[in-house]
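The values are calculated or read from the model by the stated rules, or taken from the named source; none is laboratory data. Because the structure is predicted, anything quoted here is derived from the model rather than measured. Here Cβ is always computed from backbone atoms with ideal geometry, including for glycine, and neighbour counts include all displayed protein chains.
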Amino acid sequence: MRLALVNPKKQRKRNYVNSGELEIFDLEMTEVPSFLDYLRGGCELNLVVAIDYSASNGDPQYPFSLHSIVSEEPNEYTKAIQAIGNVLEDYDSDKLFPVRSRTLIFVPHGRDEAY
């Protein structure tokens, strides 16, 4: 297969034909499946949430922390998990959403539950 390489700026010149040709000797095209193609093909998904509880994200007692538990407003982690979870929950095969962490779970002062 041969393709003419045409420069649009030179195309108006009187004797211009092309700037060269590209000759393809062998071509193989592969279709890349989409997310929906995988689901239609029977792929099962499981949503697993991982949270970074390291101190670098700030003390949860302060509103600027990503783990803030000071107000009734959801913190940044909660907002992100809800946004992604709301989309992916319909595709989760067992509707169970385990949460994992690489750091220790802490119990804030004056609270009975671990976060």
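Give the number of residues within the stretch 1-57 that are of a type in the set (Phe, Trp, Tyr), exposed (fewer than 11 other Cβ atoms within 10 Å of the Cβ) and closer than 30 Å to Ala80 by Cβ.
Number of matching residues: 1.
Do we find that Ile84 is surrounded by 10 or more Cβ atoms within 10 Å (Cβ to Cβ), under 26 Å from the mean Cα position of the chain (by Cα) and modelled with pLDDT under 85 in this structure?
no
For the stretch 1-35, what are the residues that are outside any loop (DSSP other than H, G, I, E, B) and modelled with pLDDT under 90?
Phe35
Being not in a loop (DSSP other than H, G, I, E, B) and not small (Gly, Ala, Ser) is the filter; apply it to the stretch 50-82 and report the residue that is nearest to Val99 (Cα to Cα).
Ile51
Of (1) touching a residue at least 40 places away in the same chain (Cβ under 8 Å); (2) under 18 Å from the mean Cα position of the chain (by Cα), His67 satisfies all except one. Which?
Among (1) touching a residue at least 40 places away in the same chain (Cβ under 8 Å); (2) under 18 Å from the mean Cα position of the chain (by Cα), His67 violates only (2).
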